[in-house]
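Below you'll find the structure, written out as structure tokens, and then a few comments.
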Amino acid sequence: MKPSVKAVEQPGAFPRTSPLPRLLLAGLALVVVGAVVGPGRAAVVGGARVIPFEQAVERSRVAAEAVIHRRGKETCLRGKLTNALLGLSASCEAVGQRSGLCALADQAVVQTGWSMAFMDATAHQVLDLIEAKPTP
């Protein structure tokens with residue numbers, strides 16, 4: 001017969017089944033994120049890395065051209081365009097840019113189920129907006 005093992009709790013420690021330690025850590029994380037981002041602004045933990053605006057525009061142009069010219073598999077093109085527009089959206093936010101290109105990036109990244117038709121339309125809009133307005 002195996003001897004039974006009984007868990008021994010240390011005085012002052014949280015019981016193993018208590019969700020309190022996790023809730024406290026989650027609350028602390030929210031406070032830290034709120035302090036870093038500032039009041040009235042949202043942050044996505046692990047969101048797109050902010051790159052210089054001009055670089056984000058160029059990545060978006062390259063991704064849009066890749067979609068239009070089918071330079072890759074559909075899933076790769078979807079990822080390339082999504083990542084480029086996420087980066088553009090983050091860069092726009094960082095520099096306070098409110099252009100039509102930034103608005104398009106913001107709208108596109110919240111869409112789900114990107115079909116090739118959606119990607120084509122978005123890619124054409126990206127290129128049109130880049131050509132219409134020189135980047136600062």
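Only one of the numbered conditions (1) surrounded by fewer than 19 Cβ atoms within 10 Å (Cβ to Cβ); (2) modelled with pLDDT of 95 or more is violated by residue 88, and that is (1). You will find that of 101, 127, 81, 86, the residue that is in a helix (DSSP H, G or I) and over 19 Å from residue 68 (Cβ atoms) is 86 and no other. May I ask you to list the residues in segment 108-118 that are in a loop (DSSP other than H, G, I, E, B) and either within 17 Å of the chain's Cα centre (by Cα) or closer than 16 Å to residue 61 by Cα (or both)? Of everything in segment 108-118, those that are in a loop (DSSP other than H, G, I, E, B) and either within 17 Å of the chain's Cα centre (by Cα) or closer than 16 Å to residue 61 by Cα (or both) turn out to be 110, 111, 112, 113, 114.
Looking for whichever is among the small types (Gly, Ala, Ser) and within 17 Å of the chain's Cα centre (by Cα) here; the options are 121, 105. Which one fits? Only one candidate qualifies: 105. Quick check on residue 94: is it in a helix (DSSP H, G or I) and at pLDDT below 95? Taking the combined requirement at face value, the residue satisfies it.
Pairs meeting the criteria (first residue in segment 62-83 and at pLDDT 95 or above and among the aliphatic types (A, V, I, L, M), second residue part of a loop (DSSP other than H, G, I, E, B) and surrounded by 13 or more Cβ atoms within 10 Å (Cβ to Cβ), beta carbons under 9 Å, at least 6 apart or on different chains) are 66/72; 77/71; 81/114.
The values are calculated or read from the model by the stated rules, or taken from the named source; none is laboratory data. Please read these numbers as outputs of a predicted model, since none were measured by experiment. Glycine also receives a Cβ, built like all others from the backbone with ideal geometry; neighbour counts cover every protein chain displayed.
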